[in-house]
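Q: Pasting a structure below so you can have a look.
The values are calculated or read from the model by the stated rules, or taken from the named source; none is laboratory data. All values derive from a computational prediction rather than experimental measurement. Glycine also receives a Cβ, built like all others from the backbone with ideal geometry; neighbour counts cover every protein chain displayed. Side chains are part of the model used for accessible areas, which takes the heavy atoms of the whole protein and leaves out ligands, DNA and RNA. Shrake-Rupley method; radii C 1.70, N 1.55, O 1.52, S 1.80 Å.
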Amino acid sequence: MKALLICEQREGKILDTSYELVAFADRLGAEKVLVLVGKEAPKVDAKVYLADVDKFGEYNPDLHKQVVLEAIHKENPDYVVFVHSSYGWDLAPRVAAALKVGQVSEVVNIVDGKFELTLCNAKLRRTVAPKGARAVLTVQAGAFNAVEASGSAQVEAIDVAGSSKLQFVGYEPAEKKDVDLGRAEIIVSAGRGVGKKENVAIIAELAKAFGGELGASRPVVDAGWVAHSHQVGTTGQTVSPKLYVACGISGAIQHLAGMKKSDFIVAINKDKDAPISEAADVMVVADVLQLAPVLMEKLRAA
Amino acid sequence: MKVLVCIKQVPDMESRFKVNGSGDWYDEADLAYRMNEYDEYAVEQAVQLKEQLGDAPDVTVLSIGPDRVGDALKKALAMGCDRAVHVQDPDSCRKDPWQIADIIASFAKGKDFDVIFTGMQSQDRGSAQVGVTVAERLGHNCTTTLVGFGFADGVITAKRELEGGLKSVVKLPLPALVTCQLGLNVPRYPTLPNIMKAKKKEFVTVPAAELLSEESAVATEKLYPPVKSGSAVVLEGDLAQIADRLLGILKEKTTVVK
């Protein structure tokens with residue numbers, strides 16, 4: 001069995017999720033060959049096809065698709081594997097369509113040789129199997145622990161002809177941060193379960209009582225209750241504090257991916273079966289708006 | 001200009017989900033349905049484009065599914081779409097993304113849609129495949145995960161959301177398909193007069209079998225609730241007791257609460 005792993009870089013730096021793809025292929029027990037549109041090959045003991053990013057662009061899916069198809073032509077892999085990221089979910093369906101093969105999106109686990117996916121905000125799971133001999137996969141970021149970057153790749157340059165009408169204009173940096181969640185030892189995060197914008201103040205106060213910073217899940221940020229700089233998750237920040245308290249957060253997979261490396265996780269939620277309970281060390285079944293004042297009083301008294 | 005918006009109806013994600021009797025999907029009984037959140041942004045962007053171009057574009061909204069998806073289509077009409085197409089399919093949950101994309105591409109083929117909007121993914125299945133696959137099938141330019149949309153002189157300027165708050169800007173000429181991310185705009189609420197007006201708009205029903213020609217490419221093996229690791233300590237009951245026990249555990253197990 002052979003897996004072609006489509007790695008990612010951004011502005012010259014190989015993304016760590018590329019090494020998660022290597023871990024995934026190892027779990028699968030597959031021989032691995034890597035592909036990167038970049039400058040330098042990933043550090044791995046395997047063959048790496050390297051396409052020149054100056055020629056093919058940072059984001060140019062029409063051309064990157066041609067590069068991947070060329071590598072597929074040379075290697076004849078069973079699986080073509082992407083990260084389920086802004087790069088992967090954009091490119092993977094283009095490759096699957098060109099090959100006319102099935103795609104399995106956002107794999108979180110391998111169970112008895114089948115791919116496990118989540119459904120409905122991770123409230124259900126299912127296993128699926130591609131029907132054909134070859135398939136395209138995208139793998140959830142954070143689901144497979146990255147292997148260490150070490151080894152020496154056998155680099156082979158790859159080049160294709162092609163054109164695209166898409167034009168990459170440039171990057172727009174993240175908004176200036178008023179908080180650095182990456183350095184915080186304690187993060188207390190608000191989720192949709194806090195109900196309304198006014199209630200976020202209670203969670204912010206609880207964060208202060210703990211001596212920590214305020215975090216938030218995506219819906220809370222999208223609703224405009226909290227600035228994006230507080231967002232924890234794959235489209236916000238990935239954090240690993242000593243204590244993470246999730247308040248009214250059900251535990252969408254993108255949020256879990258951003259906080260599950262925290263040393264100790266407390267979830268406060270009215271729903272005992274919320275998916276966050278899977279990641280939690282302590283599951284408090286309560287209305288956080290009622291519990292917070294009691295907790296704060298005891299923290300201040302201590 | 002001709003615009004197509006593809007929407008899906010999904011259950012409220014706050015629902016409790018159970019596996020159905022045949023073990024291949026969730027039990028649809030007792031669920032409240034609504035328009036897929038990502039698709040609301042797609043509808044809003046299509047209507048905004050229409051308004052920008054002085055009502056010139058003709059906006060078709062399409063959805064695949066059983067009778068109930070008519071409600072989502074009517075909402076889209078009330079938000080400002082001009083006509084609705086309901087691809088009637090009581091069994092749409094058993095179609096994989098490849099087949100759903102096939103149905104949409106078959107419908108759109110030869111109709112010369114200049115811009116197609118979809119959500120970046122559905123809230124229930126979350127495959128993030130259908131939009132891009134439709135674009136590939138139709139040969140449209142395509143980009144994904146929009147948090148910004150501009151249109152001038154036949155060219156879309158798209159702002160894409162990447163990881164960690166980073167965004168990128170991409171230009172693409174028509175015909176194009178774009179997929180919409182949360183936060184792209186502020187979807188409007190249908191007003192009562194617009195709900196009334198929507199009742200008079202064209203509403204066409206097409207059986208899915210007339211459009212579908214592909215076999216499924218992926219088979220669902222089994223559906224099940226997440227396996228509980230069982231490692232979490234569960235605290236419930238009296239609030240004061242919960243607070244005491246929680247702080248006791250944190251003092252013992254962490255170094256940051258004293």
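Q: Considering chain B as a Gaussian network with a 10 Å cut-off on Cα pairs, which listed residue, B:Asp55, B:Asp27, B:Asp244, attains the greatest mean-square fluctuation?
A: B:Asp244
Q: Just to be sure I understand: with springs between alpha-carbon atoms less than 10 Å apart, which residue in A:Val104, A:Val155, A:Val67 has the highest mean-square fluctuation in the Gaussian network model of chain A?
A: So, out of A:Val104, A:Val155, A:Val67, the one fluctuating most is A:Val155.
Q: Now for a separate question. Can you bin the protein assembly as shown into rounded, prolate or oblate? Criterion: square roots of the alpha carbon gyration tensor eigenvalues sorted a ≥ b ≥ c, rounded for a/c under 1.5, prolate for a/b above b/c, oblate for the rest.
A: On the way: a/c = 1.60, a/b = 1.21, b/c = 1.32.
Taking the square roots of the gyration eigenvalues as a ≥ b ≥ c, the protein assembly as shown is oblate.
Q: Here's a follow-up. May I ask you to derive the relative contact order of chain B, considering only C-alpha pairs under 8 Å and at least 6 residues apart, and to give it as an integer percent? Write down the numbers at each step before the final one.
A: On the way: 487 pairs, mean separation 59.7, N = 258.
Computed over chain B, the figure is 23 percent.
Q: Hey, another quick one. Helix by helix, which DSSP H runs in chain A go 18 Å or more along their axis at the Cα atoms and have an average Kyte-Doolittle hydropathy of 0.5 or more?
A: On the way: long enough: A:61-75 (21 Å, -0.50); A:197-210 (21 Å, 0.62); A:288-301 (19 Å, 0.86).
Qualifying helices, which must be both long enough and hydrophobic enough, are A:197-210, A:288-301.
Q: Amide H of A:Val169 versus every other amide H placed in the peptide plane: which residues, excluding those fewer than 5 positions away on the same chain, fall under 5 Å?
A: B:Val169, B:Val170, B:Lys171
Q: Next question, about the same structure. So how much accessible area does A:Ile203 have, in Å² to the nearest 10, using a 1.4 Å probe?
A: 0
Q: Roughly how big is the protein assembly as shown's charge dipole about its Cα centre, with Cβ charges of +1 (Lys, Arg) and -1 (Asp, Glu), in debye to the nearest 20? Display every interim value, and only then the final one.
A: On the way: 66 positive and 74 negative charges, 110 e Å.
Dipole magnitude for the protein assembly as shown comes out near 520 debye.
Q: Setting aside same-chain residues fewer than 8 positions from B:Lys167, which lysines have a Cα under 17 Å from its Cα?
A: Within the straight-line limit of under 17 Å, B:Lys167 reaches these lysines: A:Lys13, A:Lys176, A:Lys177, B:Lys159.
Q: Restricting things to alpha carbons, find the Rg to Rh ratio for chain B using the Kirkwood radius for Rh. Don't skip to the answer; put the middle values down first.
A: Values: Rg = 21.7 Å, Rh = 20.3 Å.
Ratio of gyration radius to Kirkwood radius for chain B: 1.07.
Q: At a probe of 1.4 Å, how much accessible area disappears from chains B and A on forming the pair, both sides counted, to the nearest 100 Å²? Before the final figure, lay out each step's value.
A: Details: alone 14460 and 15230 Å², together 22620 Å².
Counting protein atoms only, the buried area is about 7100 Å².
Q: Using protein chains only and a probe of 1.4 angstrom, how many square angstrom of A:Asp271 are accessible, to the nearest 10?
A: In the full protein context, A:Asp271 sits at about 40 Å².
Q: Find out how many positive minus negative residues lie around B:Pro187, taking Lys and Arg as positive, Asp and Glu as negative, among other residues whose Cβ is under 11 Å from that of B:Pro187.
A: Numbers: positive: B:Lys75, B:Arg188; negative: B:Glu37, B:Asp39, B:Glu40, B:Glu44.
Net of charged neighbours comes to -2.
Q: Ignoring everything but the protein chains, give the 1.4 Å probe accessible area of B:Cys93 in square angstrom, nearest 10.
A: Rounded to the nearest 10, the figure is 30 Å².
Q: Also, quick follow-up: For the protein assembly as shown, build the charge dipole from Cβ charges (+1 Lys, Arg; -1 Asp, Glu) around the Cα centre, then report which of A:Gly195, A:Gln231, B:Leu223 sits farthest towards its positive end.
A: A:Gly195
Q: Compute the relative contact order of region A:2-157 as a whole-number percentage, counting only Cα pairs closer than 8 Å that sit 6 or more residues apart in sequence. Don't skip to the end; give the middle numbers.
A: Working: 326 pairs, mean separation 47.8, N = 156.
Relative contact order here is 31 percent.
Q: In addition: With contacts defined as alpha carbon pairs under 8 Å and 6 or more residues apart, what's the relative contact order of chain A in percent? Please report the intermediate quantities before stating the final value.
A: Details: 647 pairs, mean separation 44.8, N = 302.
Once divided by the residue count of chain A, the mean separation gives 15 percent.
Q: I'd like to check one number: the per residue accessible area of region A:5-50, probe 1.4 Å, reported in Å² as a whole number. Present the calculation step by step, with values, prior to reporting the outcome.
A: On the way: 1760 Å² over 46 residues.
With all protein chains present, region A:5-50 gives 38 Å² per residue.
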